[in-house]
Structures are given as structure tokens and as C-alpha cells.
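A.B. asks: First the structure, then my questions, so here it is.
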Amino acid sequence: MGYMHTYLDVDLTTNKIHEKKLDLDLAKKFIGGKGLGAKILYDTLKPGVDPLGPENIILFMTGPLTGTSVVTSGRWCIITKSPHTGIYLDSQIGGKFGHRLKRAGYDYILVRGKADSPCYLHVSSEGCEIISATELWGKGTFETEEILRQKHPKAEVASIGPAGENLVTFANIMTDKSHMAGRGGAGAVMGSKNLKAVVAGGTFKINSVHDNFKELTRTFRNKVQNDPGVQNRHRIGTMMWVNMSNQAGFLPTRNYQSGVFESAEEISGEKMIEENTYAHRACYGCLIACGKANKFDEGKYAGLDVEGPEYETTALLGSNCGIQNLAAVAKASQLCDDLGIDTITSGATISFAMECVEKKILKQDSVENLEFGNDEAVIQMLQLIAHKEGIGVLFSKGSRVAAEKLGNDSSDFAIQVKGLELAGVEPRGSFGMALAYSTADRGACHQRCWTPSAELRGDLTRFSMDGVPKFVKESQDERSACFSLVVCDFLPFNVPEMVDLLNSATGFSYTPESYITTGERIWNTTRMFNVREGITALDDVLPKRFSKEAMPEGPAKGKIVSEEILEKAKAEYYSLRGWDSNGIPTKEKINELKI
């Protein structure tokens, strides 16, 4: 059946829980996951709602393929209004929680209001209850998860740490100790509601509508297993991008002052696999197993045993902070996970602080030697930010807000778009990502469109916007549909394959064309939400660093992404989307997509 046909509506203010029927007609139009969640968010919230107020909602969403036998079907997502950006947010997550939520009998949970005191939700085949979490408040996510797993055997836990409790705007939600809803501050939304965790477990079966579903998934699994890209990702994980990005000249280095890091090899995936990795880790239903369990036996971090770090974490907490010790990066990553704080925004914000000190814009005495290359300063900053102590208060809302307070043109090198810090690709070395970052629906996100592979293969011309607007638009539409199923970013598939699986699971009659149109419908819905919150073409811009400062070295040496070239690409992109010159979806486009 794909869907469980039921969702939970939880009001923490009134302590009332209602089981409600899934609107199947709406599911047909928006699939599930990101799409259905975006539509619910748009329809439920009034414009201007405080993201940390009781009127905001947070959605724990699955999709029709979540928990099935489709490879990577352990994925699920969080939807809310972001306290970090003030606009739409979805965060895609792995692990096992999504599968358990479906097995409990629910397609999603909608949480509204605010509890009088700390609590958690226990969701099972018997229903849902609100339970006191007073004794858990103040604990890290690792201890919280252990306690709740012991109390609720065979259940999975999604929880927040001190950062979420303290309303750090880039606090995340952790599950399975190494998987996170890591961008945009969903953890702070939970914290604002006094919601420490959601625990899910159940025994219901997740069935498909058609008998050929098992055969389709078996054939698809064999194909994925033999895919060369999957085999390489299994071997080295996302960390394969450290050396690749550095060699291509777009590895973020010292707050994006460069795209080349002289010590990249020391924090590379190849070095990690050779010296530290002892096991591969996978989410539910996944054979890619891109997670890597690592142990460090020497140095001041000797004895550290951790899953990760991933590429994005290494790029932002490693090279972008000038850190050349992989063990230090792994320690910082582990600390972020326990504190419940986003590694990408943390690394970008700390590197911004380091440059402010370097430029003598920031005077500080609460962190010793806050400078590029000092791993101890990074670790201390993470603690201060998560607990909102000392200098951490200034940076607890990210680089955009800190730059507004610091002045002195520091906004020029506060590396963010719409408030969300850039991920691990330097846009002067990847012009495609310049447009992708600028137009992404949650801010500077790398998951909505990934152009580096196409640029390195030659499918897109490097250091050019030729063909980029079409590529970005089509990628964003396809990813919107993919994140609504929900399956993984790393799953290799063609659209007809996924359409067959979706139809077999649900009984729907999608075609490849209508599936992509659904992705376009979803993307326009998130844009409509953002426009309602005040976003226009003036917000689809990059920090001035990338248009005013030429890349100093490497394959992209001398390159800038000029305002002129970006504006021209945006105009073509808007035209392809059927938006007006201000980046607003036209009435004709909205009617065409039947939003």
C-alpha cells in the first residue's frame, strides 16, 4: 500500500493527540516526504510566524517507499519553518527511525504548540503518548538515546542535545547516534516546544499494492549492487571528495579564501580508509553502506572511536578552519553530534569568526588563539556556541547575524545565502554551484543540485554558465520528487525505474513526465512559501567574496563569479521556471501546476 493512511496530530499546548486519515488525493499530488510536508507547511502556517514560537509546526515525514524493500528506503525527513533562515526548511535523514515510524502505523507526525515542561513522544502500534523528559533535559543526544532505547526496546530515537534546548538556530536532530537533520535548525524548533525526543517503534507490516513490487525491488537491488559508483562509495564513502575537490580547486579553505588546502591529503578519505576505518555502516535497507567507523590510536585524540566524519563535515570543520588533523575533525564531528549542532554551519561560522579575528574586526578573550589551524579552539567554540556562553552567544545564530552585529563589511565574507552557510564546494571553482546555492529553497544547500560531477566529467563546461540554468532547474525538480519518496541522495537510478517502484507500491499511475512535473510542483510550493516570507530575486545572491576576490591559486586561479554572470544565469533560470523577473512564480505557472 506504500502508505499507512494515518498520521498523528500532536498539540503539545493542550496535550491532545489525534489520529487522522491521510489525504490520499493530496498524497497523489505531492507524493510524501518533502512534497507533502511542504504543502502542509504552506497551508498550515500564516505568513510571518515566529519559527521558535508555538504557532510553528514541525513535521516528521516518511514517504511511500520509506521502510520498504527498496534500496536506501530508510530515509525520512523533517519539515518546518527554519529559525536560522526564517524560510522553508526540509532536512533529509538516514538511519532507522523512518522505518520504525512507518511500522508504528503512521505516515507522519505533525507537532504543534509548546509543552509546559520537557517531554518526549512515544509512538508505537498502540498509539502515541506524551511522557515527561525532565530527567533528560540537559543531556547530550548519545546519553538521551541510550536511556530511551533501554526504556523502549526495539524502538528508534530522534532527539536534540543542549544546542536545541538552548535554541541555537542551527541545532539539529540526531538519530542512531550518527544521522542528523543537520541544516536550518530543526533541533531548535523542537527545543522551543520543550520536545526532547520522539521515540518510534511498531510491528505493522508495510505492504505494496502490486504483487510485482518484490520482483522490481530485487532486480533494482542487483543493479545498484553492481554499480561502479556505489562500489566506490561503499569503499571510501563521501570522503572520496576531499582529494577530488582539492585537486579540482574547490575545497573550501580558511573561510573560502581559497579552494586549495595544502594539507588535504592529511584529512583525505584515502588516508582515513588506510589508517582508521575498521567497519562500514549502513542505514536501514541500504547496501551502499557509505558510513565509516573509524578509530584513532595515536596523538591527543587516541582512543577516539566514531562513525565519520563525512565529506561536508571535513570540508567545513577541517580545511575551512585550516585543520590538518583528521582525528581533530572526527572529534569535532562527534562533539557536534552529541551537542546536537550542524557541522556545516558550525564549521562555516567558526571559520568566519577566525577571519574576523585575523582582520582585527573581532576582539575576543574567551577562546585562546581563535585562529586558523587551532583544533582546540574549534572544539572550545562548539561548546560555547551550543551552551550560549561567552563569545558563543554572538555566533549562536550563525554568520549572517554575527556579521550584522560586527559590521566593518564582515558580511562580505560571511559565507551564506539567505542565512544558510555554504556547503563544501567553492563556487569560484564550480560555477554551477554558484547558481545552485543562490536559488536553493532552504539557502545555500548542496543537496538540491550537485553540479561538480557534471563539470568534472565535461557534461557542463567549467567556469561557464552555459547550460547551467537548465541543469539546475531540472536537478532541483528531480531531487524534490526523490526526497518525497523518500530515498537517498546517493542512490543511482533513472526516473522510469523509480516511477515503476512508486506505482507498484501505491497503485498510482505516474509517468516519468508526471513524476518530474510533481517535483516541479513541489519546488514551486517551497518558493511560494519563501516569497510569502519576503524572499525575492534580491536574495538569490552570493556573498561578495566570490564576485570581488579572485581565486588565489589552483585550477580556478583568477576566477570570480561576477554579479553580471550570475544575474544573467538567474534570468535564464527564472524564465525556464515560469517565474517573473523578481523570482516569483507567475499565476500561469501556479495554475499550470495545479498547486
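A.B. asks: Residue by residue through region 176-189, what is 3J(HN,Hα) from phi via Karplus (6.51 cos²θ - 1.76 cosθ + 1.60, θ = phi - 60°)? Round to whole Hz and write x for glycine and proline.
C.D. replies: 6, 6, 8, 10, 9, 7, x, 10, x, x, 4, x, 5, 5
A.B. asks: I would also like to ask the following. Scanning the chain for trypsin sites (Lys or Arg not before Pro) in DSSP loops with at most 13 other Cβ atoms within 10 Å, what's the longest stretch left with none?
C.D. replies: That gives 364-593 as the longest site-free run.
A.B. asks: Turning to a different aspect of this structure: Would you please report the Å³ per residue occupied by the convex hull of the alpha carbon atoms in the chain?
C.D. replies: 133
A.B. asks: Check region 327-418 and count each lysine pair with an alpha-carbon distance under 23 angstrom, considering only pairs eight or more places apart or from different chains.
C.D. replies: Within region 327-418, the lysine pair count is 16.
A.B. asks: Same structure again: P(r) for region 228-414, please, calculated from all Cα pair distances in 10 Å bins and given in %.
C.D. replies: Reading the bins upward from 0: 10, 37, 34, 15, 3, 0.
A.B. asks: Can you count the Lys pairs in region 19-91 whose Cα atoms are under 17 Å apart, with each pair 8 or more apart or on different chains?
C.D. replies: 8
A.B. asks: What fraction of the DSSP beta bridges in the chain is antiparallel, stated in percent and rounded to the nearest 5?
C.D. replies: 80
A.B. asks: Only sites in a loop by DSSP and with at most 11 other Cβ atoms within 10 Å count here; which GluC sites (Glu not before Pro) in region 239-304 make the cut?
C.D. replies: In loop regions of region 239-304 (DSSP not H, G, I, E or B), the sparsely surrounded GluC sites (Glu not before Pro) are GLU298.
A.B. asks: Only loop residues by DSSP count here, and only those with at most 13 other Cβ atoms within 10 Å; note down the GluC sites (Glu not before Pro) in region 103-162 that meet that.
C.D. replies: GLU126, GLU135
A.B. asks: Rounded to a whole number of µm²/s, how large is the Stokes-Einstein D of region 6-200 at 10 °C and 1.306 mPa s, given Rh as the Kirkwood radius over C-alpha pairs?
C.D. replies: 98
A.B. asks: Here is a follow-up. Of the options PRO555, CYS445, TYR3, report the single residue whose Cα projects farthest towards the positive end of the charge dipole of the chain (beta-carbon charges: Lys, Arg +1; Asp, Glu -1).
C.D. replies: TYR3
A.B. asks: Dipole of region 84-123, Cα-centred, from +1 at each Lys and Arg C-beta and -1 at each Asp and Glu C-beta, to the nearest 20 debye?
C.D. replies: 180
A.B. asks: Roughly how many debye, to the nearest 20, is the charge dipole of the chain about its Cα centre, given +1 on each Lys and Arg Cβ, -1 on each Asp and Glu Cβ, and no other charges?
C.D. replies: Once rounded to the nearest 20, the dipole reads 1240 debye.
A.B. asks: When only Cα pairs under 8 Å and 6 or more residues apart are kept, what is the percent relative contact order across region 429-509?
C.D. replies: Relative contact order here is 25 percent.
A.B. asks: Could you give the size of the charge dipole of region 200-240 about its Cα centre, using +1 on the Cβ of each K and R and -1 on the Cβ of each D and E, expressed in debye and rounded to the nearest 20?
C.D. replies: So the dipole magnitude of region 200-240 works out to roughly 120 debye.
A.B. asks: Right, here's the next one. Taking the Cα centre of each part, how many Å lie between region 318-380 and region 437-470?
C.D. replies: Each part's Cα centre sits 28 Å from the other's.
A.B. asks: Defining a contact as two alpha carbons under 8 Å apart and six or more residues distant in sequence, what relative contact order in percent does the chain show?
C.D. replies: 16
Each value in this text was obtained by applying a stated rule to the coordinates, not by laboratory testing. Nothing here was measured: the structure is a model prediction, and the numbers come from that model. In this analysis, Cβ positions are derived from the backbone assuming ideal geometry, glycine residues included, and neighbour counts consider all displayed protein chains.
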